[in-house]
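Engineer: Pasting a structure below so you can have a look.
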Amino acid sequence: MRLVPTLLLSAGVSSVVHGFAPTAFAPKRASAVVVNSGGTFLEEPRDRGKSSITDVDPRDVNPKANFQQWIQKWEVDHRRYTTGNLLVSGNRLIDQFMGEGKDSYADPELLYMLMEEQYNFKFDKIYICSYDMDDAKKRLISRKARYTGLLDKLEFIETDFDWDPEHPEVFNIPTAAQIKEYGITNWIMLQDYDHIWMTEKAYEVANEAKGTLKNVVMTMMDYYYDEDTTIPLINSTWDNLGGPRHRKWLEPELSDPDRYHPEDVQFTFLVCGCPTDAPEGGAEWVYDDLLISSEEDLRRAKEGGYDFIDGETLKSMGYKGAFLAENWDRISQHQMFRFTVDALDLACFSGRALSFKDMWDPISKRVQKPMKDVITGMREAGFTSVEVSDHIFDKFIDLQYKWDVRRWKKKGGSREGKMRRNWWENPAFKKTSAEREEERTGKKVTKKESEVKAFAPMTKQQKDIEKIAMEWAKREFYTKSTEGVITADVTEDQFIESIWDTAIKEGSAKWRKMEGYTDEDPSKWDDKMKQKQAVLAKKAESEIATMMRGFDKKMDETIDATLDEYEKLVEQEKAWREEQGDEEEGDDDKKEGDDDKKEDDKQ
């Protein structure tokens, strides 16, 4: 449930929630988020007289289009007491009870994450609690452990608890005496079954070791809705170690001495469904607070000292309870490791119980897209993993993003009008010079035909014809020059210009010949094509008739008539071709006679 940091008011009045808006965006004067009866959030407008951290108020831009200008980076609030020695245990780190004949399982990726410089850890030793120390060393010590510096801090211990055949995972938990002996101040536990028993057992150890142990982060994988006992479990166990005081959103004004007492143990409870082998870095995950999951949990939460929005308001908002993983929900195991390390480093995770899962269906992905946009945008802006988590879980930057996008849409863009991503997309810049001149003078501007032709782009055909024409004209100039037909004062350019029309005709004729065009009279094409189509149709009929011969006497007579008709058409085609040939020969003879007559006249 994302509405946990709220103030309980009566159902008869509007619920005004103080302190829920991200502190980074809050103005200096009091700000409030009003939840109306429709379940929508309406935040009071920001005081325009107050300046923001940057010169440009981030609320004056569209977060979707200008995320890098909208986003601001605030100081990270790290968890207290992340010094001394750290204990890491659980069967998701190393499982030595895989069954008879099976090798043990280990995934040391979380240990490497602990060594990254982005975190505020100052641990002297990192202890691994296991059943078989020799096997654990073989599984967890590697070349990467050496060059990350992990090997210099890594130590292995075995628990002093007696063997329990019903709960063999007790060997992942040290005794309270061992925690005090080894000076363990922080504890990470990674577990994928026996969740309730392990949580209660770990609480018993932490309660006995309070004063030495300061922080505990429990990550429970394969944790599904049918076994959720989060509220009564936390109320009866970990909240007794100062849980309500550690929740920053519940009492944001407390100072450190009032919030963190010497005997307190800060806890964080993270759960998810089935872990996968996918790498970390996905941006399609969602989370929810488990401190409200039903009306019964509301009652138990109030008994434990929580203050929430009242049940009637929750119902009017369509709230049906915090989500917990179904059997088909998945999330990357290394992504859960990253949340675990972030939780140990950030103060905003203290006293919280969170559920995670990846969105996989198209509808849920659409709902989750604002979160994905925020995560992707912060990574592109150079935010580290711990800074991304701090802005989401402490500053609620994803909610602020959705509010600012809604505000931008409601007011229709900025105060000067809707911003455009590119200036050239403005319709005013898409108009031609003629259209702008027409608007200025109020008269329609028309170009002369010669201007249109001069500036019209040339086609490939025209370019090829002009190239051939230029070659022909140059040859003509050379021929006429050698024959002495033209005088010496005529240049090549002048001669080409004088015969350019003739050159274009010659170039066009040669181009048509090169491209396979015929010089036949186009008026005869339709008659010739009809004749060919008729012959082809009758040829097809004759072939079919030949195949059908012999089935019926009457049919055979019809077939014979069809064949006879086909032969007549073929004869007509031949006669037509011969007639066309005679005409062409006659034309050639006539042309030759005209040429001879011209020669005689010249002589």
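The values are calculated or read from the model by the stated rules, or taken from the named source; none is laboratory data. If you're wondering where the values come from, they're calculated on a predicted model, not measured in any experiment. All Cβ positions, even for glycine, are placed from backbone atoms using ideal geometry, and neighbour counts span all protein chains on display. Quick note on the areas: whole protein, heavy atoms, side chains included, nothing else; ligands and nucleic acids left out. Shrake-Rupley method; radii C 1.70, N 1.55, O 1.52, S 1.80 Å.
Engineer: What order do you get for 210-216, 273-279 when each peptide is scored by the mean count of other beta carbon atoms within 10 Å, highest first?
Structural biologist: 210-216, 273-279
Engineer: I'd like the carbon and sulfur percentage of the solvent accessible area for the range 331-401, probe radius 1.4 Å, heavy atoms only, ligands and nucleic acids excluded.
Structural biologist: 59
Engineer: What are the ³J(HN,Hα) couplings of the range 386-400, residue after residue, when phi is run through the Karplus curve with 6.51, -1.76, 1.60 and θ = phi - 60°? Round to Hz, x for glycine and proline.
Structural biologist: 5, 6, 4, 4, 5, 6, 7, 8, 10, 8, 6, 5, 5, 5, 5
Engineer: Further question on the same structure: If you take every residue apart from Pro257 with its C-beta less than 12 Å away from the C-beta of Pro257, what net charge results, scoring Lys and Arg +1 and Asp and Glu -1?
Structural biologist: Once positives and negatives cancel, what remains is 0.
Engineer: Determine Rg/Rh for the range 108-242; Rg is computed over alpha-carbon atoms and Rh is the Kirkwood hydrodynamic estimate from the same atoms.
Structural biologist: Taking Rg over the Kirkwood Rh, I get 0.96.
Engineer: Here's something else I'd like to know. Where the accessible area of the range 56-201 is counted over protein heavy atoms with a 1.4 Å probe, how much of it, in %, is carbon and sulfur?
Structural biologist: C and S atoms contribute 44 percent here.
Engineer: Continuing with this model, one more query. Write down the accessible area per residue of the range 61-151 in Å², having rolled a 1.4 Å probe over the full set of protein chains.
Structural biologist: Result: 49 Å² of accessible area for each residue.
Engineer: Residue farthest toward the positive end of the dipole of the range 137-208, with Cβ of Lys/Arg at +1 and Asp/Glu at -1: which of Ile173, Tyr147, Tyr193?
Structural biologist: Tyr147
Engineer: Could you tally the net charge around Pro275, taking each other residue with its Cβ under 10 Å from the Cβ of Pro275, Lys/Arg +1 and Asp/Glu -1?
Structural biologist: Within the 10 Å Cβ shell, the charges total -2.
Engineer: Normalise the Debye intensity by I(0) for the range 136-202, one equal point scatterer per Cα, no solvent, then take log10 at q = 0.13, 0.18, 0.20 Å⁻¹ and round to two decimals.
Structural biologist: Summing over Cα pairs of the range 136-202 leads to -0.48, -0.85, -0.99.
Engineer: Using Cα pairs closer than 8 Å and at least 6 residues apart in sequence, work out the relative contact order for the range 142-287, in percent.
Structural biologist: For the range 142-287, the relative contact order is 22 percent.
Engineer: Once you place label points 7 Å from the Cα toward the Cβ at Lys510 and Trp197, how far apart are they in nm?
Structural biologist: 9.8
Engineer: Quick check on my link table: of Lys122/Lys214; Lys372/Lys395; Lys125/Lys214; Lys538/Lys568; Lys153/Lys357; Lys467/Lys505, which ones sit more than 22 Å apart, alpha carbon to alpha carbon?
Structural biologist: Lys153/Lys357
Engineer: I need the peptides 476-485, 235-244, 390-399 ranked by packing, meaning the mean over residues of other C-beta atoms within 10 angstrom, with the highest value on top.
Structural biologist: Taking the mean over residues of other Cβ atoms within 10 Å, the ranking is 390-399, 235-244, 476-485.
Engineer: Now a separate question. On a full-extension model of 0.36 nm per residue, what is the gain between Lys530 and Glu573, subtracting their alpha-carbon distance, rounded to one decimal in nm?
Structural biologist: This chain segment gains 14.4 nm when fully extended.
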